[in-house]
1. Among the lysines, select those whose C-alpha is under 17 Å from the C-alpha of B:Lys200, and discard any that sit fewer than 8 residues away in the same chain.
2. So which lysines can B:Lys332 reach, going by Cα to Cα under 24 Å and dropping same-chain residues fewer than 8 places off?
3. Distance between Cα centroids, region B:613-684 to region B:377-395: provide it in whole Å.
4. What figure in square angstrom, to the nearest 10, would you give for the accessible area of B:Ile501 with a 1.4 Å probe?
5. At a 1.4 Å probe radius, carbon and sulfur cover how many percent of the accessible area of the protein assembly as shown?
6. Set the Förster radius R0 to 30 Å, insert the Cβ-Cβ distance between B:Val254 and A:Ile40 as r into 1/(1 + (r/R0)^6), and round the FRET efficiency to 0.05.
7. What average number of partner chain Cβ atoms lie no more than 10 Å from the Cβ of the residues making up A:98-110?
8. State to the nearest 20 debye the size of the charge dipole of chain B about its Cα centre, where the only charges are +1 on K and R beta carbons and -1 on D and E beta carbons.
Amino acid sequence: MTRLQINGEVRNADVPADMPLLWVLRDVLGLTGTKFGCGIGQCGACTVHLGGKPARSCLLPVGLIGEREVTTIEGVGATLAGAKVQKAWLGVEVIQCGYCQSGQIMSAAALLAGTPNPDDSDIDAAMAGNLCRCGTYLRIRDAIKRAAASR
Amino acid sequence: MEIIPARSIVPGEVADPSRREILKAGLAAGGALLLGFHVPLGEGRATQSHTSTHEFAPNAFIRIDRQGQITLIMPQVEMGQGVYTSVPMILAEELDAAFDQVALEAAPPNDALYGNPVFHIQVTGNSNSIRAFWIPLRKAGAGARVMLVEAAAQMWGVDPAGCRTNNSEVFHEASGRRLPYAALVDRAAKLTPPQDAPLKSVADFKLIGKPLKRLDTPDKAKGTALYGIDMLPEGVKFATLAACPVFGGRVGHVDDRVAKIIPGVRQIVVLDDLVAVVGDHTWAAKQGLDALNITWSEGPNARVTQADVWNQIRAASQREGVVAKTLGDAEKGLAQGDRMDADYELPFLAHAPMEPMNCTVHVRPDACEVWVGSQVVSRAQAIAAKVTGLPLEKVIVHNQLIGGGFGRRLEVDGVEKSARIAKEVDSPVKVVWSREEDVQHDLYRPVYHDRMTATLSSGRIVGWRHRIAGSAVIARWLPPAFQHGIDIDAVDSAVDMPYDIPNLRVEYVRDEPPAVPTGFWRGVGPNNNVFAIESFMDELAKKAGRDPIEFRRSMLDKTPRLKAALELVAGKAGWGRPLPPRNGRGVAVQPSFGSYIATVAEVEVDRSGEVSVRRIVTAVDTGIVVNPDTVVAQLQGGLIFGLTAAFYGEVTIDRGRIQQSNFHDYRMLRIDEVPAIEVHIIQSGEAPGGIGETGVTASLPAVRNAIFAATGIPLRRMPIDRDVLAERKSV
């Protein structure tokens, strides 16, 4: 039995230690907000926070998580940066199909938590691992800046 | 909110079905005014040479309940294009409804309601939603408003002419009385719906034209929105699959000794052409699949390579095609003046929406349930019925949000495969494609080869021949629409090209590529034709010694909306202002999807052939704009989608297999590669045009022409070849 701390709750899952967190979240715990996109860490749709840092859950064996807190899109709104980002995302109307946006929001929230006033190169560095097929990138950049400016 | 099966909500039969009837009304279970109306979806092309029956068959419904909630039940699906907001806006406008009381539900498949199941297809595609709903939904909304006013007037014993409506209420000015729609539904439901309620004039619009917030995005930002891939019906198992890597190949032998002892693996399903592993979770299924030792019977396609594809289509393009359009005397026109020939090519492309292919199916002896995000929900139902042998009405399809469609969800191959797998499984099963499987078993944007010939006299084009060679996707997807050997999609934007040319011929040569299945891809036929035409126009302008914008402008008198867009974009882009060396601006115009768009791209090309797009400016006349923010978003996104194709988009086949597999070798544009994009909307009173695909069509030729301006190198195919731009290779 693997014991995980997810969004402030303790969750137990009877899964193999090498199973990526993504599938534990989606298939076992029913937290489907975290998305599967590529399975090889190329698209960022599965981004969660591990101890506050962004991590690709499709490549993260649950056995390696230990005591570190996991935050998913379902819980990130409880953090200051996450709430700001979600609000800015709607304010700028970033979202189209929305499938990649859980991962985009998680990456952006982690960026703002560590770098409260990111410049364009900070945004490029933090967000270039998150693909968006609908092409919402310009609005993602605007929304991050708006979130950073909000109090 | 529960969806009432569409058939049960049309009360009674129409005693005298009138060809003119557009609106049907009644009282729904639970107390709600219910209105049914018909939206001609997917008919435009199919009925060009056919007449469909005119029996009234509603395919969209409005329900106004006793709480005042107004629900539009519509057959269109949301896949990011914003129709779950913009379409209800049209209804709320004519109904004078409070927009926050308007909700939307996806209709269940209801082909049974259609007069002609061949032509009336429940489809979301071809940038069609706003165009299809514009008039029918306004008429329905206006009719409903008249009924609610009439109901209030009856209750008050006053003349309806003295009543007005606003924000979901009816007001009687003289007496100061008011009633919310919620209080009027029972009485209104007993009235005969008007068939000719007057529509608002554009000047009276309160919602249309305002940048309203989308209704679908708050749940998406919280991670609570559900896509097809998120379905978890009670008792669901998880599966993933491998189809034969060679198109058309079959399963030979499967050694499952290792796979079946992996913890969590429950079942191995071996079918003719694919193998699936079912497990307690996707991880077990994937590990099980990886552990299988499968010998494929690859079949004859195992010899097909990309060179075969190109050789075949290039040979096909040498043949005379079926004439799709002729003006004047093309032969005579091509015999005078300075002649120029150029061939253009586009590659295969996969759709690669961010949500990989998936479908959840539960097959029971007496019924089948399907959970999927589909652009063609009635086809999803039909294929599941065919696979299971169940009657149509025993197949329930729950359509879901789509995590990117781009044409991929116009196909039901995923539903078909999933239903075949589910037939072998005793529980609901969610089948999820790996990204590799998704990329390697798509129905691809076809390769195209366009042969362009034109003659110039006194700086103007006097003769024009455009021969398009490519797959006829229409012939497979909608056979009745494939008439006289012409794929109306493959020639779209070529037969209606915007320039004044006295002698013109457009030909189409159908060429189905070996092995590789083809399908619609965002931007469809116009992607190819606008790329070929606008690339060629730049080469002709250069030959004529004329400025690319001036050259085009002088031939756009018969297309004034496009001419105006071109003039606007020239100013906004600073056309003609000096640029540093190896920088250039390129222009492209298009009359596609009922929208008139002119686009200027600005690029820099370095000595190693790397291209940086600095800026894109686009001017659009898409008629009346329902939600301007959505129009801007669709153009931004479409342009970026096109840039991905220009920079990285190419799928190739070798030994019958697709060579690309995931985002490392089928790349997408990333945030650090995206240029500034400006969208300028032209005010217009014309009917709305389509917008979802237009940006894709615009960006390839604009960027290509900017590269031409920066380097003098006329690229003749996409994606951009850095070796050519670095002059390591010739065009």
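1. Excluding near neighbours in sequence, the set is B:Lys139, B:Lys210.
2. Correct list for B:Lys332: B:Lys542, B:Lys543, B:Lys558.
3. The two parts, judged by their Cα centres, are 35 Å apart.
4. Number for this one is 10 Å².
5. Details: 15510 of 31100 Å².
On the protein assembly as shown, the fraction of accessible area on carbon and sulfur atoms equals 50 percent.
6. Working: r = 25 Å, r/R0 = 0.84.
Approximately 0.75, to the nearest 0.05.
7. Numbers: counts 18, 16, 5, 7, 6, 2, 2, 4, 1, 1, 0, 0, 0.
Rounded to a whole number, the mean comes out at 5.
8. On the way: 80 positive and 86 negative charges, 166 e Å.
So the dipole magnitude of chain B works out to roughly 800 debye.
The values are calculated or read from the model by the stated rules, or taken from the named source; none is laboratory data. All values derive from a computational prediction rather than experimental measurement. Because the Cβ atoms are built from the backbone with ideal geometry, glycine has one as well, and the counts that use them run over all protein chains shown. With ligands, DNA and RNA removed, areas are computed over all heavy atoms of the protein, side chains included. Shrake-Rupley method; radii C 1.70, N 1.55, O 1.52, S 1.80 Å.
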